[in-house]
Structures are given as C-alpha cells and as structure tokens.
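The values are calculated or read from the model by the stated rules, or taken from the named source; none is laboratory data. Since the model is a prediction, treat every value here as computed from it, not as a measurement. Side chains included, ligands, DNA and RNA excluded: accessible areas come from the protein's heavy atoms. Shrake-Rupley method; radii C 1.70, N 1.55, O 1.52, S 1.80 Å.
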Amino acid sequence: NKWRIVLPDNGRQWKQASTFYSGNRIQTTKYTWLTFLPQNLFGQFHRLGNLYFFFLVVLNWFPQMEVFRREITMLPLVVVLLASMIKDAVEDYRKYQYDKTINFTKTRVYNK
C-alpha cells in the first residue's frame, strides 16, 4: 500500500485556513462536461493555423470568392479541430482518472 503523509501545521493558522480550504482534493483537469466544447474551441482558435483555415472557410461562403465547394474548404479545419478535441478529451480523462486515484489513497496524518 502506498500512503500519503500529510503534516498539518498545528495552531491557529491551521484552524483559520481550514475554514477557507475545506477540502484537500487534487484537481488537475481542465474541462467539465459542460465547458469542454466552448473552452476547447476557444483554445483551438487561438492558434494561427486554425484562424487561417477559418478565414478561408468564411471567404469561400461568398460567391465571388468561392474557389472550391464550401464543404471541401471546411474539411481540413473540421478534421484538425476534431483530432485536437479527441486528443484533449483523452488527456483530460486520463488526468481525471489519476486525480481520482490520488484523492482516494489512504493518508496518515501526523498530529503533534
């Protein structure tokens, strides 16, 4: 068995801090079920390449600028966004699983 050792600072400071920080839970995940899509898209469009392809898609919707079919122009952007979303979702799920194992390990608390 692996044990985590927690050494609290006995005294007033610990009691005052414990009212502000009620839990000792570790959370390294970036997304929740509700925030995954908006936060991920926001992060994806901070990349210059994705903005360039989005700009091409927008230009292609105007009949005067249309070079290819609209769907073909959207294909590279959609493929890159989906691949990045899947990668981010898998990474975040692995972080969630690791956090869960850390949070449920037995701890030994030393009290002076």
Residue by residue through region 44-51, the couplings from Karplus 6.51 cos²θ - 1.76 cosθ + 1.60 with θ = phi - 60°, in Hz, x for Gly and Pro, are 5, 7, 7, 8, 5, x, 5, 5
Heavy-atom accessible area of Tyr98, protein chains in place, probe 1.4 angstrom, given in Å² to nearest 10, is 140
Rounded to the nearest 10 Å², the 1.4 Å probe accessible area of Lys87 is 100
What does the accessible area per residue of region 30-103 come to in Å², with a 1.4 Å probe and no ligands, DNA or RNA counted? 80
For Cα pairs less than 8 Å apart in space and 6+ apart in sequence, what is the mean separation divided by the residue count of region 30-103, i.e. the relative contact order in percent? 28
In Å², nearest 10: area of Glu66 left accessible to a 1.4 Å probe: 80
Kirkwood Rh, angstrom, region 19-112 [1 / mean 1/r, Cα pairs]: 16.7
Let me make sure I get this right: for region 57-106, a, b and c are the square roots of the gyration tensor eigenvalues over alpha carbons, sorted descending. Under 1.5 in a/c it's rounded, otherwise prolate if a/b > b/c, else oblate. Which is it? prolate
